[in-house]
Amino acid sequence: MFYNKVYIKTWGCQMNEYDSLKIADLINEKIDCTIIKTADTANILILNTCSIREKAQEKLFHQLGRWKYLKQNNPEIIICVGGCVATQEGERIFYRAHYVDIIFGPQTLHRLPQMIYNVRTFKKKLIDISFPQIEKFNYFPIRKTNAISAFITIIEGCNKYCTYCIVPYTRGKEISRPYKDIILEIQQLTQQGVKEIHLLGQNVNAYKYIDKNNYICTFAKLLSMIAKINGIYRIRYTTSHPKDFSDDLINVYNKIPQLVNFIHLPVQSGSDKILSLMKRRYSINEYKHILEKIKNIRPHMQISSDFIVGFPGETTEDINKTITLILDMDIDMSYSFIYSSRPGTPASKMLDTIDMKEKKQRLYLIQYHINKQTKKFSAKMLNTIQTILVEGIAPQNNQYFFGRTENNRTVFFKSTKDCIGKIVNIKINHFYLYTLYGNLVSIHQNN
Ligand code: SAH
Ligand code: SF4
Ligand code: F3S
């Protein structure tokens, strides 16, 4: 009989982090074990991988190489590889790393406890990277948490097939979870003290669930349902797609005060020519029009975005258009990346003539302008009073507490423990790029 010590390492997006939380819950429920924080003494090692950009495979085999030595010392160790690289590479992982025992995909992670049992019992390697119809959510045990803010995946996969992106191939087709299940999971979280819900999906605003009475629950309708749950102070969501940013969704900003004044709405490029090559399905004018409509309702709304630089065919004129967009539309924070060719995607067959030095310069230029914007907005917050949802004690100094502003900046301030989970007013007296410091002014009455 084994006593299991399980170590889970996670790379990639918030959906992968959510999946890893669920893997931990499932394993805890089904296997006699402790989840530990380092790999050294573990006898079950789980790697939840991401393949969004290059070197994903190299990174995986590098990590597995380290775990191989642990297994040489203890042959009872079970090594499991999951996530998007597992789907992308499949059995090839066994060929290159024969000491791996289990390969599972993002949609089959609920089968992992049984797979671990089978590997132990039958001493045979197992692979399951199929895409069963969104069944994994039915297997998740009730989540135990003491967090104030919690992620919840509401839609899996993606049907957009942007020409550069691996996600539709690794996560499968877009499937929305039944709204009743989502509401139930959120209720379970709020009963444990969660005050902020962060809805997740690769394309979260494409959410659409049709129930057996033919009732169509859209993302806008789902937000209205969630807002009615007792104890929800704030609602966030990522990642939304401009094509699915309907007028219905824009209009809920009139009705739901818990929706924060911050939207992550990736545009990827400021050039229509590049957007078309990327198959993003909107023009820059359409993107701008969405932002204008949102800001008509919420003048203080702040927008963050993702950008890809050095996409095949991108010229300096295109990159200048991206910079113009960042400045014109007052884009606040952003994630920007150099284009990375992904196996099997249409863009990987496009002629890529831009050299790496030029790509790096373009990335530097974009990040320079974005950082200037971020700093500008952080500076504007100096001496203002900001509403913060307090999430906990600062990791480095237990006299300080932290929470986030609506526009996603972390704020540190002195207070006492009873402020955790409450909405407080903080006067900002110091700022860095993404981090602010301030003094507690008041605690909201309706907490
Ligand atoms: N569904 C979201 C993005 C999900 S992927 C959307 O459509 O906006 C997260 C980010 O990774 C993307 O916004 C993009 O900027 C980046 N990304 C995806 N594929 C990439 C690639 N092949 N090379 C570089 N960056 C990429
Ligand atoms: Fe990838 Fe495009 Fe889908 Fe986003 S919308 S996950 S970039 S295919
Ligand atoms: Fe990465 Fe897969 Fe998420 S490729 S970004 S882990 S959906």
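The values are calculated or read from the model by the stated rules, or taken from the named source; none is laboratory data. What you see is a predicted model; the values in this text were computed from it and never measured. Virtual Cβ from ideal backbone geometry, glycine too; neighbours counted across all protein chains shown. Note: areas computed on protein heavy atoms with side chains; ligands, DNA, RNA excluded. Shrake-Rupley method; radii C 1.70, N 1.55, O 1.52, S 1.80 Å.
Could you please give the count of residues in the range 400-443 that are open to solvent by 60 Å² or more (accessible area, probe 1.4 Å), under 18 Å from Lys195 (Cα atoms) and in contact with a Lys or Arg (Cβ under 7 Å, 6 or more places away or on another chain)?
So the answer is 1.
Looking at (1) within 23 Å of the chain's Cα centre (by Cα); (2) in contact (Cβ under 8 Å) with a residue 60 or more places away in the chain, which one does Ile423 not meet, given that it meets all the others?
(1)
Between a residue in the range 202-225 that is basic (Lys, Arg) and any residue that is within 15 Å of ligand 2 (Cβ to nearest atom), which pairs come within a Cβ distance under 9 Å, given they are 6 or more apart or on different chains?
The qualifying pairs are Lys208/Ile155; Lys208/Glu174; Lys208/Ser176; Lys208/Phe219.
Which condition does Ile232 not pass, out of (1) within 21 Å of the chain's Cα centre (by Cα); (2) outside any strand (DSSP E or B); (3) in contact (Cβ under 8 Å) with a residue 60 or more places away in the chain, if it passes all the others?
So the condition that Ile232 fails would be (3).
Of everything in the range 166-200, what is within 18 Å of Ala227 (Cβ to Cβ), open to solvent by 40 Å² or more (accessible area, probe 1.4 Å) and either assigned by TED's automatic domain parsing to the domain that holds Gly421 or more than 19 Å from the chain's Cα centre (by Cα) (or both)? Give them in sequence order.
Lys180, Asp181, Leu184, Gln187, Gln188, Gln191
Consider Lys279 carefully, then state whether it is open to solvent by 70 Å² or more (accessible area, probe 1.4 Å), out of contact with any Pro (no Cβ under 6 Å at 6 or more places or on another chain) and over 29 Å from Ser246 (Cα atoms).
Numbers: open to solvent by 70 Å² or more (accessible area, probe 1.4 Å): yes; out of contact with any Pro (no Cβ under 6 Å at 6 or more places or on another chain): yes; over 29 Å from Ser246 (Cα atoms): no.
Considered against the rule, which asks whether it is open to solvent by 70 Å² or more (accessible area, probe 1.4 Å), out of contact with any Pro (no Cβ under 6 Å at 6 or more places or on another chain) and over 29 Å from Ser246 (Cα atoms), Lys279 comes out as no.
If we scan the range 28-43, do we find a residue that is under 21 Å from Ile129 (Cβ atoms), more than 13 Å from ligand 3 (Cβ to nearest atom) and within 21 Å of the chain's Cα centre (by Cα)? Explain how you work it out, then say what you get.
Start the filter on the range 28-43 by keeping residues that are under 21 Å from Ile129 (Cβ atoms), which leaves 30.
Narrowing the set further to residues that are more than 13 Å from ligand 3 (Cβ to nearest atom) leaves 30.
Filter once more, so that each one left must be within 21 Å of the chain's Cα centre (by Cα): none.
No: zero hits.
Quick check on this structure: which one of Lys295, Lys221, Lys212 is within 21 Å of Asn408 (Cβ to Cβ) and open to solvent by 50 Å² or more (accessible area, probe 1.4 Å)?
Details: Lys221 fails: within 21 Å of Asn408 (Cβ to Cβ); Lys212 fails: within 21 Å of Asn408 (Cβ to Cβ).
The conditions single out Lys295.
What do you reckon, is Tyr161 crowded, with 17+ Cβ neighbours inside 10 Å and either in contact (Cβ under 8 Å) with a residue 12 or more places away in the chain or within 16 Å of ligand 3 (Cβ to nearest atom) (or both)? Lay out the reasoning, then the answer.
Details: crowded, with 17+ Cβ neighbours inside 10 Å: no; either in contact (Cβ under 8 Å) with a residue 12 or more places away in the chain or within 16 Å of ligand 3 (Cβ to nearest atom) (or both): yes.
No.
Filtering the range 362-394 down to residues that are touching a helix residue (DSSP H, G or I) at 6+ places or on another chain (Cβ under 8 Å) and not β-branched (Val, Ile, Thr), which residue is most open to solvent (accessible area, probe 1.4 Å)?
Of the range 362-394, the ones touching a helix residue (DSSP H, G or I) at 6+ places or on another chain (Cβ under 8 Å) are 362, 365-366, 369-370, 373, 390, 393.
Applying the additional criterion that residues be not β-branched (Val, Ile, Thr) yields 362, 365, 369, 373.
Working: Arg362: 20, Leu365: 66, His369: 36, Gln373: 11 Å².
Restricting to residues being touching a helix residue (DSSP H, G or I) at 6+ places or on another chain (Cβ under 8 Å) and not β-branched (Val, Ile, Thr), the top hit is Leu365.
For Glu156, only one of the following conditions fails: (1) buried (at least 18 other Cβ atoms within 10 Å of the Cβ); (2) more than 16 Å from ligand 1 (Cβ to nearest atom). What is its number?
With (1) buried (at least 18 other Cβ atoms within 10 Å of the Cβ); (2) more than 16 Å from ligand 1 (Cβ to nearest atom) applied to Glu156, the lone miss is (2).
Is it fair to say Asn397 is in a strand (DSSP E or B), more than 24 Å from the chain's Cα centre (by Cα) and surrounded by fewer than 16 Cβ atoms within 10 Å (Cβ to Cβ)?
On the way: in a strand (DSSP E or B): no; more than 24 Å from the chain's Cα centre (by Cα): yes; surrounded by fewer than 16 Cβ atoms within 10 Å (Cβ to Cβ): yes.
No, not satisfied.
Assess whether Ala86 counts as being assigned by TED's automatic domain parsing to the domain that holds Ala42, out of contact with any helix residue (DSSP H, G or I) (no Cβ under 6 Å at 6 or more places or on another chain), under 14 Å from Leu47 (Cα atoms) and small (Gly, Ala, Ser).
Numbers: assigned by TED's automatic domain parsing to the domain that holds Ala42: yes; out of contact with any helix residue (DSSP H, G or I) (no Cβ under 6 Å at 6 or more places or on another chain): yes; under 14 Å from Leu47 (Cα atoms): yes; small (Gly, Ala, Ser): yes.
Yes.
Against the condition within 16 Å of ligand 2 (Cβ to nearest atom) and at pLDDT 95 or above, how does Lys208 come out, does it pass? Quick ask: steps written out before the conclusion?
Working: within 16 Å of ligand 2 (Cβ to nearest atom): yes; at pLDDT 95 or above: yes.
When the stated conditions are applied, Lys208 passes them.
Could you look through the range 1-20, keep only residues that are crowded, with 20+ Cβ neighbours inside 10 Å and among the hydrophobic types (A, V, I, L, M, F, W, C), and pick out the one that is nearest to ligand 1 (Cβ to nearest atom)?
Result: Met15.
Among Thr416, Thr405, which is the only one that is farther than 23 Å from Leu189 by Cα, of a type in the set (Val, Ile, Thr) and not assigned by TED's automatic domain parsing to the domain that holds Ile319? Break it down stepwise before answering.
Values: Thr405 fails: farther than 23 Å from Leu189 by Cα.
Selected residue: Thr416, the only one of Thr416, Thr405 that is farther than 23 Å from Leu189 by Cα, of a type in the set (Val, Ile, Thr) and not assigned by TED's automatic domain parsing to the domain that holds Ile319.
Within the range 156-195, how many residues turn out to be touching a helix residue (DSSP H, G or I) at 6+ places or on another chain (Cβ under 9 Å), assigned to a helix (DSSP H, G or I) and within 16 Å of ligand 2 (Cβ to nearest atom)?
Taking the range 156-195 as the starting set, the residues that turn out to be touching a helix residue (DSSP H, G or I) at 6+ places or on another chain (Cβ under 9 Å) are 156-167, 169-172, 174, 176-179, 181-183, 185-186, 194.
Subsequent filtering for residues that are assigned to a helix (DSSP H, G or I) retains 167, 169-171, 179, 181-183, 185-186.
With within 16 Å of ligand 2 (Cβ to nearest atom) added as a condition, the list becomes 167, 169-171.
Looking only at that region, the number is 4.
Does any residue of the range 124-144 turn out to be under 20 Å from the mean Cα position of the chain (by Cα) and hydroxyl-bearing (Ser, Thr, Tyr)?
no
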